[in-house]
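Undergrad: Provided herewith is a single structure, encoded as structure tokens, for subsequent inquiry.
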Amino acid sequence: MPDGSPLPTCRPETGFIPREIFSSRAVFDREQETLFARAWLFVGHESLIPRPGDYFLSRMGIEPVILCRDEAGEVRVLLNSCRHRGMRVCRAERGNTRHFTCPYHAWSYDLSGRLVGVPMRRQLYEGVLDEASHGLVPAGRVARYKGTVWATWDAEAPDFAAYLGDVRPHLDAVLDHRDGREGGSEVIGIHRWIIPANWKFAAENFLGDTYHNPSHASVDLIGIGPSARSGRTGRRDEQPAQHLWVSFPSGHGVHSLIAPPDNPYTPAFRDDPEAEAHFARCHEERVRRLGEAARLSAFTGTIFPNASYHGRQPRGICVWHPNGPEETEAWRFFLVDADAPAHVKDVLRRYYMRYSGPAGMTEQDDAENWLYATAACRGPISRRQPFNYQQSLGAWRRGDPVPGDVSLQITEQNARNFYRAWQAHLDGAPWPALIGQDT
Amino acid sequence: MTSPAAEAAIAIGATPPPLPPDPGLLLLRQEVEDFLLHEADLLDERRFREWLALLAEDIVYFMPIRTDRAFGEQAGEFTAQGRGISWFDEDKWTLTKRVEQILTGVHYAEEPLSRVCRVITGVRLLAVSPDRRQVTARSRFLVRQGRLDYERADFVGSRTDILRREPEGWRLARREIILTDTVLLAKNLSIFF
Ligand code: FES
Ligand SMILES: [Fe+2]
């Protein structure tokens, strides 16, 4: 897009989306200003920082942040940038410390971000420097949710629960114990890799692009799931269920399942009797604990804007950090129940590694597609043709059988809703409008 | 995890000093080097099934993930084989699946197939069993991957391999691959190392 021309407007309800939003630097810069600087973003997981002094380097948009636990046990999210000349005050990715001391001129900060050390302060800064206002910049708000940590730069942002809205039970199905108890997950590993593609392709893929299944034909032909050695093809055992594609006012979208009323256990670990017995037992307990609510399970989803999940197996949260209009840094946090037997964790981690990420047999093909779709947004001739988002246009209904806008067929409605919310953020809409509380 | 090869693994960062001079080892090193270069040729030529045949049935194929740690805390730099998530921590079944996937012809990350050149160099023996039927070898690699028109990825690192002499010849029983990346600066690890 030439300098000075207005940003393209996205009106997804038409069924078309301009290609520029996937390649324009001006759009990318606006996203940083008005979207990533305001929305609730996934920062990490408490299992990464169990003890006071533990820290983990993370990101919020293009901003580097430190996720840490201070001496009092409080979880903090701090901009990793010295208040003097901006140097990163913490450069080891994980560890334990009492202070963050800047490598440049050695200002130092405590775990709550307070500026506690300035070399030669009395000679050089006496009566001038106000230390109290020179701490590391904290996130505007931080929320801990079932082990996960989220933050927003905007102190005026609504509560995380209000931001989630009705997507909450779907996210709960990701974060809760397989046996239905609340929370209880831990991160067993993190992938970080570069995808030369716009971040929105990945976010959109996870919020319910079920239509892209043909791109995974190769794994489906050979079978890579936990029942593959027993002769099952595909990526996993499919359970009989009603598939739902649901979108929400804040921009979230999910692909979830509703099991039949009798909610039977579907074998999914045929290659490993011990894991199968474990998950069958978890399923029974979940049904006993949650009753009717246990029929809902989360398949994939995106919490607006860039935190996606796989809710069943391989289970994890993937964050699509924007590096530039054509580059994304993907981070996947792999989740298991912390108290699962060691053998079950071993079965899961092996499945995760062969399925997910840049070495994963499934996701390699995703990255290939996103790269070339992004590249197709550069040319002036290509850009004359917007992308088509007409799939299942209008085929949804509100609140049936779950809250949200529900489609019972494969749909691009979740994507249309995502770009509606995206446009509202780019327009700088007030918070009530951004979370559907303005009516 | 408890195969003889796993027990003989040399811990990352604990490379032993060179073996004492021994004319018999010269020949052994030549055999190992030929094996590794032949293997690279098979992979460059996409003779994946023939490559699989060179892997022991109990192979461990491991590429850890690295993270930067503060001075004095480097113990956590590499993920561990047998625990958590690494780039690769695989057995022969999974490696066979990866080959089968490429051979479907619709694995789009490898269709069209990547053009790969593996430069394997600096082969040396780190350990030799008394009966000389099991050898631990270190090598360095530069792997260049080309895809379609503009895509190029370079991988530089080292490998620590355990080779075992079986009735049919040398077989790879364990491979540990160390890259320099923390954040992987390539979009995929769709090739073999
Ligand atoms: S930049 Fe940190 S002390 Fe100067
Ligand atoms: Fe996919």
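The values are calculated or read from the model by the stated rules, or taken from the named source; none is laboratory data. Just so it is clear, the model here is predicted, and its values are computed rather than measured. Glycine also receives a Cβ, built like all others from the backbone with ideal geometry; neighbour counts cover every protein chain displayed.
Undergrad: Can you pull out the residues in the range A:68-126 that are within 14 Å of another protein chain (Cβ to nearest Cβ) and among the polar types (S, T, N, Q)?
TA: If the condition is that a residue be within 14 Å of another protein chain (Cβ to nearest Cβ) and among the polar types (S, T, N, Q), then A:N80, A:N96, A:T97, A:T101 are the ones that fit.
Undergrad: Now for a separate question. Enumerate the strands (runs of 3 or more DSSP E) found wholly within the range A:57-144, keeping only those where 1 or more residues are touching a residue at least 24 places away in the same chain (Cβ under 8 Å) and of a type in the set (F, W, Y).
TA: A:99-101, A:108-110
Undergrad: Now for a separate question. For the range B:73-99: of the residues being more than 15 Å from the chain's Cα centre (by Cα) and of a type in the set (D, E), which is nearest to the other protein chains (Cβ to nearest Cβ)?
TA: Only one residue fits best here, namely B:E73.
Undergrad: While we're here: If we keep just the residues of the range A:71-88 that are farther than 9 Å from A:Y104 by Cβ and either of a type in the set (K, R) or modelled with pLDDT under 95 (or both), which is surrounded by the fewest Cβ atoms within 10 Å (Cβ to Cβ)?
TA: Selected residue: A:R88.
Undergrad: Related question: Could we say that A:R398 is among the basic types (K, R) and within 14 Å of chain B (Cβ to nearest Cβ) here? First the steps, then the outcome.
TA: Details: among the basic types (K, R): yes; within 14 Å of chain B (Cβ to nearest Cβ): no.
So A:R398 does not fit the description; no.
Undergrad: Before we move on, is B:I102 within 13 Å of another protein chain (Cβ to nearest Cβ) and either in contact (Cβ under 8 Å) with a residue 24 or more places away in the chain or of a type in the set (S, T, N, Q) (or both)?
TA: Criteria met by B:I102.
Undergrad: Which count do you get for residues in the range A:223-260 that are under 18 Å from A:V174 (Cβ atoms) and within 14 Å of chain B (Cβ to nearest Cβ)? It would help to see each step written out before you state the result.
TA: Restricting attention to the range A:223-260, the residues satisfying the condition of being under 18 Å from A:V174 (Cβ atoms) are A:235-236, A:239, A:241, A:243-248, A:250-259.
Remaining after also requiring within 14 Å of chain B (Cβ to nearest Cβ): A:235.
Looking only at that region, the number is 1.
Undergrad: Among the numbered criteria (1) away from chain B (no Cβ under 11 Å); (2) surrounded by fewer than 23 Cβ atoms within 10 Å (Cβ to Cβ), which single criterion is violated by A:D220?
TA: Here A:D220 meets the rest and fails (1).
Undergrad: Let me ask something else about it. Does B:S190 count as under 16 Å from the mean Cα position of the chain (by Cα), under 24 Å from B:K97 (Cβ atoms) and polar (S, T, N, Q)?
TA: Yes; evaluated as a whole, the condition is true for this residue.
Undergrad: Have a look at A:P169, A:P196 and point out the one that is within 14 Å of chain B (Cβ to nearest Cβ) and surrounded by 16 or more Cβ atoms within 10 Å (Cβ to Cβ).
TA: Matching residue, one of A:P169, A:P196: A:P196.
Undergrad: Follow-up question, since we're still on this one. Across the range A:337-360, what is the number of residues that are closer than 24 Å to B:F155 by Cα and over 21 Å from the mean Cα position of the chain (by Cα)?
TA: 1
Undergrad: OK, next. Looking at A:V174, is it part of a helix (DSSP H, G or I) and modelled with pLDDT of 95 or more?
TA: Yes, satisfied.
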